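To start, the structure under review is shown below, and the notes come after it.
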C-alpha cells in the first residue's frame, strides 16, 4: 500500500491506473487528494443554488475554481512524471481528466504557435452538460464552466503563462451535438465571446 501524506504532497500513483487508493478514506490522482462526487443531484444542486443566489456570476466562480484545480493538478502530475512537460502534457492531462469520469474529451485541433487548441467531448457527455440534461434543464448557453476552467488551468500551468482563456462554443446542454471548447489567448477569446453566445 502506498504511504499517506499531507495534502498537496506528491505521492506517485499506482501502475494499475490513474487512481492511487492510499488508505481507507483517501484517494490520490496525480499526487493530489481527490474524492468521488455525485453529479446529477449534488453538483447540479450546488450549481443551481449558486445561480439563484448570485446569478450569472456563478459561471465565473465555477470557471475560476476550475482554473485553480487544473493548475494544481498539472503542476503536481508533472512533478511525479505522470504527464509530459510543456504543452505536450495537455493531451496527458485531458486523458486523465476523461478517465476520471468527467467525460470523453479529446484534442481535435491544435496550433501551438497561435496558440489555439480545440477540445471536444463526445459520449460520454461532459459531466456538467450531463447534469443539466438529466435534470431536464434546457440551457440557453453553454454550461460547462468548471470544465473550461480546468482546461484553461491545464494549459496555463503547462505553458507557464497567465494570458490563456477557455471558451465553450458548443454545449450539449444547450442543444448542440457535443461540447466544444477553444483554448487560446485571453484577449482573442474575450473578443470572440463578446460576439457569440459563449459564457464568460
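The values are calculated or read from the model by the stated rules, or taken from the named source; none is laboratory data. From a predicted model like this one, the values you see are computed outputs, not experimental measurements. Backbone-built Cβ (ideal geometry, glycine too); neighbour counts: all protein chains shown.
So, of the residues in the range 75-92 that are closer than 17 Å to residue 106 by Cβ and surrounded by 15 or more Cβ atoms within 10 Å (Cβ to Cβ), which turns out to be farthest from the chain's Cα centre (by Cα)? Selected residue: 84. Reported count of residues in the range 169-181, each being at negative phi and not in a helix (DSSP H, G or I), is 9. The sole residue among 113, 99 that is under 16 Å from residue 183 (Cα atoms) and in the same structural domain as residue 189 (by TED's automatic domain parsing) is 113. Among the residues of the range 130-168, those identified as buried (at least 18 other Cβ atoms within 10 Å of the Cβ) and not in a helix (DSSP H, G or I) are 142, 143, 144, 164, 165, 166, 167, 168. Check whether at least one residue in the range 51-65 is in the same structural domain as residue 143 (by TED's automatic domain parsing), farther than 18 Å from residue 158 by Cα and in a strand (DSSP E or B), and report yes or no. Looking for residues that are in the same structural domain as residue 143 (by TED's automatic domain parsing), farther than 18 Å from residue 158 by Cα and in a strand (DSSP E or B), one finds none in the range 51-65, hence no. Can you tell me which residue is nearest to residue 133 (Cα to Cα) among those in the range 28-38 that are in contact with a helix residue (DSSP H, G or I) (Cβ under 8 Å, 6 or more places away or on another chain) and crowded, with 17+ Cβ neighbours inside 10 Å? Only one residue tops the list, namely 29.
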